[in-house]
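The values are calculated or read from the model by the stated rules, or taken from the named source; none is laboratory data. Computed from a predicted model, the values in this text were never measured in an experiment. Glycine gets a Cβ as well: all are built from the backbone with ideal geometry, and neighbour counts include every protein chain shown.
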Amino acid sequence: MCGIVGYIGTKSACPILVEGLKRLEYRGYDSAGVAILNGGRIEIHKAAGKLRALEALLESCAPEGLIGLGHTRWATHGRPSDENAHPHSDCSGRITVVHNGIIENYLALKEQLIAAGHEFSSETDTEVIAHLVEQSCNGDLVSAVRQAVAQLEGSFAIAVIAQDDPARIVAARRHSPLVVGVGVGENFLASDVPAFLPYTKNVYFVDDDTIAVLERDHVSFSSLDGQPVEREIYEVTWDAAMAERGGYEHFMLKEINEQPQALRETMRERLSSYSAGIELPGLNLSIEYLRRIDKITMVACGTAFHAAMVGKYAIEALVRVPVELDVASELRYRDPIIDDRTLAIVISQSGETADTLAGLREARGKGASIVAITNVVGSSVARESESVLYTFAGPEIAVASTKAYTTQLMVIELMALYLAQARGALDETRARELRELLWNIPQQVEVILGDHPEALRCAEKYCNHNGFLYMGRGPNLASALEGALKIKEIAYIHAEGYAAGEMKHGPIAMIDPGVATVAVAVEGRTYDKVLSNILEVKARQGDVIAIAYEHDDQIGKYADHVIRVPRTNELLSPILAAIPLQLLAYHVAKNRGHEIDQPRNLAKSVTVE
Ligand code: M6R
């Protein structure tokens, strides 16, 4: 939800800001803008639409200046337009602000400011911040920002520059991500690290209610009441090339193909050989505690929630502890039954999803121990959790999640096996068998990616259908939901994911020649039932694409098309089933001529409620 960048140094700020915005465009692409402090004046350029519209505008004016801010917007307050694009200024144009988040009390503030004579030029909530800073500014920008922030309710990461205080950028955050990159003779700020990765890997993660002041050679932090705050510098392991398309047509395709490596990285040091037990170095919970828990609650949104669904099946089957699942936006308002014997597993690729963070806080407030599964080191979810199990997927830029999902599944499977081991719930022979199967998963994913002609054929044949039904059972119910989500978000085709047994309770009425059914039919406990469900669709003249194991010689008699995946245990099979589902969605969207990496109406990181 919106990306902000800032630069102060010895180079021309504008190209650095635009390059940073390109790397943040996944956060929103309704409009973009830059503000450059040039010869004592702030010059602002902004344009509705994707970043390329701003780039085209800048070709004719290319502002000079060594300090500046940039913004890419996902509209919340006010339609996408030039006027509502950030940066926003005060009445005099001497103070300029970029903002990610939502100011919940902006209407009340706006009324007060208008009554005090301020004039507004946009419909955004952000503009109030510029006017509040103006109201308190008497030469000291830091103090004015502090006073403005004290009046704000909601979520924000902001950065401010002022003509009268031209040697610094002042930034602040509450509940929205903000990182500071430390260079030599130059410093950066951004919503996410990839924005400045070509220049530095040394990063400060800014805490809530902290003010950051960036000068050319210095960065300092203070609390809202002005007390200095010490922060630690992290060196991130991502490099700039990881956030490039690397010859692929889309980030999504690159990320799909990165899965074998991402899965290996995620497994490394946790499962070093299948003959040894699982180790989870990030899990700061004693074996005694793990034996004492009587419930696990899993909290996430979107694709990460589907990973949690697989987790419920794996953990309940292997650990025999009840698992409760909650979409984060529901958990936070339903007063869940959670106490100090509850282990909460919070899953979030970005580690910044507002609802997931609120769910985490709700669970922690009720006494649960929190284990985070996240991809972003230093993210809010990571920092607020006592244990963090990272997915080492590298930066995921495409809005549609792929490698983050399968690496989340890998961590969940490792965790299920670890908990089973800790609680003595699984005999060693079976545990070893599952470890061996897990060990083989990255290589099996490689096999699927190496050759998938049937997925391509199906994408071509069904790309103009007006509906898809996805069905699965057991852990592959999550696969059905994830497959449907993928095709909805990038192909814009109506799709439903259903427990296969539920089809006859309603969704089967949708079967007609324009609706294709995708059935995840890997052998396991309910395989025969899924075959019957496929027959029910066929009996109503529906076309069926089955995702099934290699050498399954029955399935061809039931389905119109079979996309094969290598054999594994049913509990692990959602990792393999995900790959053809991603490929199908990708190629359907591509055949329909969609943008894919930046689907309409969406943003990668949902940092507002
Ligand atoms: O960063 P998070 O994992 O917390 O994001 C959660 C969802 O917004 C995300 O998974 C979303 O559903 C994806 N775009 C789906 O592909």
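Looking across the range 332-350, the residues that are free of Cβ contacts under 8 Å to residues at least 40 places away in the same chain and either within 14 Å of the ligand (Cβ to nearest atom) or crowded, with 18+ Cβ neighbours inside 10 Å (or both) come down to Arg332, Pro336.
Okay, residues lined up against (1) in a helix (DSSP H, G or I); (2) surrounded by fewer than 23 Cβ atoms within 10 Å (Cβ to Cβ):
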{"residue": "Ile563", "(1), (2)": "no, no"}
{"residue": "Ile575", "(1), (2)": "yes, no"}
{"residue": "Ala578", "(1), (2)": "yes, no"}
{"residue": "Tyr586", "(1), (2)": "yes, no"}
{"residue": "Val606", "(1), (2)": "no, yes"}
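Just one of the numbered conditions (1) within 16 Å of the ligand (Cβ to nearest atom); (2) crowded, with 21+ Cβ neighbours inside 10 Å is not true of Glu595: (2). Taken together, Val376, Val371, Val411, Val445 contain a single residue that is within 12 Å of the ligand (Cβ to nearest atom) and of a type in the set (A, V, I, L, M, F, W, C), which is Val376. For Gly183, the conditions (1) in contact with a Ser or Thr (Cβ under 7 Å, 6 or more places away or on another chain); (2) touching a residue at least 40 places away in the same chain (Cβ under 8 Å); (3) over 23 Å from Lys11 (Cβ atoms) are fulfilled apart from (3).
Quick check on my filter: what residues within the range 240-252 are hydrophobic (A, V, I, L, M, F, W, C), surrounded by fewer than 21 Cβ atoms within 10 Å (Cβ to Cβ) and under 18 Å from the mean Cα position of the chain (by Cα)?
Residues of the range 240-252 hydrophobic (A, V, I, L, M, F, W, C): 240-243, 251-252.
In the following step, the residues that additionally are surrounded by fewer than 21 Cβ atoms within 10 Å (Cβ to Cβ) were identified as 240-242.
Passing the criteria: only Met242.
Looking across the range 1-47 at every residue that is under 14 Å from Ile161 (Cα atoms) and free of Cβ contacts under 8 Å to residues at least 40 places away in the same chain, the one that is surrounded by the fewest Cβ atoms within 10 Å (Cβ to Cβ) is identified as Gly39. Among all positions in the range 487-497, there is no residue which is assigned by TED's automatic domain parsing to the domain that holds Gln408, modelled with pLDDT of 95 or more and touching a Ser or Thr at 6+ places or on another chain (Cβ under 9 Å). Take Gly424 and decide whether it is more than 16 Å from the chain's Cα centre (by Cα), surrounded by fewer than 19 Cβ atoms within 10 Å (Cβ to Cβ), on the phi > 0 side of the Ramachandran plot and in the same structural domain as Leu280 (by TED's automatic domain parsing). Spelling it out, Gly424 is indeed more than 16 Å from the chain's Cα centre (by Cα), surrounded by fewer than 19 Cβ atoms within 10 Å (Cβ to Cβ), on the phi > 0 side of the Ramachandran plot and in the same structural domain as Leu280 (by TED's automatic domain parsing). Within the range 562-609, being hydroxyl-bearing (Ser, Thr, Tyr) and more than 21 Å from the chain's Cα centre (by Cα) holds for Thr568, Ser573.
Evaluated against (1) within 16 Å of Ser220 (Cβ to Cβ); (2) crowded, with 19+ Cβ neighbours inside 10 Å; (3) out of contact with any Cys (no Cβ under 9 Å at 6 or more places or on another chain); (4) modelled with pLDDT under 95, Ser155 falls short on exactly one condition, (1). What residue, of Val371, Val323, is surrounded by 24 or more Cβ atoms within 10 Å (Cβ to Cβ) and either touching a Ser or Thr at 6+ places or on another chain (Cβ under 8 Å) or more than 22 Å from Ala478 (Cβ to Cβ) (or both)? Only one candidate passes the filter, namely Val371. If you go through the range 351-368 and keep only what is more than 8 Å from the ligand (Cβ to nearest atom), of a type in the set (Gly, Ala, Ser) and crowded, with 22+ Cβ neighbours inside 10 Å, you end up with Ala354, Gly359, Ala363, Ala368.
Let's see how each residue does on (1) buried (at least 17 other Cβ atoms within 10 Å of the Cβ); (2) in contact with a Phe, Trp or Tyr (Cβ under 7 Å, 6 or more places away or on another chain):
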{"site": "Ser220", "(1), (2)": "no, no"}
{"site": "Pro260", "(1), (2)": "yes, no"}
{"site": "Arg268", "(1), (2)": "no, no"}
{"site": "Val299", "(1), (2)": "yes, no"}
{"site": "Ala304", "(1), (2)": "yes, no"}
{"site": "Ala307", "(1), (2)": "yes, yes"}
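Among the conditions (1) in contact (Cβ under 8 Å) with a residue 60 or more places away in the chain; (2) within 16 Å of the ligand (Cβ to nearest atom); (3) over 26 Å from Met1 (Cβ atoms), Trp439 misses just one, which is (2).
Residue-level check: of (1) crowded, with 24+ Cβ neighbours inside 10 Å; (2) of a type in the set (Lys, Arg); (3) within 16 Å of the ligand (Cβ to nearest atom), Lys488 misses just (1).
Can you find a residue that is touching a residue at least 24 places away in the same chain (Cβ under 8 Å), within 16 Å of the ligand (Cβ to nearest atom) and on the phi < 0 side of the Ramachandran plot anywhere in the range 264-282? Checking the range 264-282: at least one residue is touching a residue at least 24 places away in the same chain (Cβ under 8 Å), within 16 Å of the ligand (Cβ to nearest atom) and on the phi < 0 side of the Ramachandran plot.
Are any residues in the range 532-551 assigned to a helix (DSSP H, G or I) and surrounded by fewer than 19 Cβ atoms within 10 Å (Cβ to Cβ), and if so, which ones? Can you show your working first?
Filtering the range 532-551 down to residues assigned to a helix (DSSP H, G or I) leaves 532-538.
Ser532, Leu535, Glu536, Lys538 - these are the residues of the range 532-551 that are assigned to a helix (DSSP H, G or I) and surrounded by fewer than 19 Cβ atoms within 10 Å (Cβ to Cβ).
Based on what the data block shows, is Ser329 within 30 Å of Lys22 (Cα to Cα), within 16 Å of the ligand (Cβ to nearest atom), buried (at least 20 other Cβ atoms within 10 Å of the Cβ) and in contact (Cβ under 8 Å) with a residue 60 or more places away in the chain? Judged against the criteria, Ser329 is not a match. Of all residues in the range 379-387, at least one satisfies being of a type in the set (S, T, N, Q), modelled with pLDDT under 95 and within 14 Å of the ligand (Cβ to nearest atom). Residues that are without any contact (Cβ under 8 Å) to a residue 60 or more places away in the chain, assigned to a helix (DSSP H, G or I) and either β-branched (Val, Ile, Thr) or more than 26 Å from Arg432 (Cα to Cα) (or both) are absent from the range 291-299.
Kindly indicate whether Glu288 is more than 24 Å from the chain's Cα centre (by Cα), surrounded by fewer than 19 Cβ atoms within 10 Å (Cβ to Cβ), assigned to a helix (DSSP H, G or I) and among the acidic types (Asp, Glu).
yes
Among residues of the range 106-142 being part of a loop (DSSP other than H, G, I, E, B) and of a type in the set (Val, Ile, Thr), the one that is nearest to Ser155 (Cα to Cα) is Thr126. Taking the range 488-523 as the range and being in a loop (DSSP other than H, G, I, E, B), more than 30 Å from Glu595 (Cβ to Cβ) and in contact with a helix residue (DSSP H, G or I) (Cβ under 7 Å, 6 or more places away or on another chain) as the test, the residues that pass are Ile511, Ala521, Val522.
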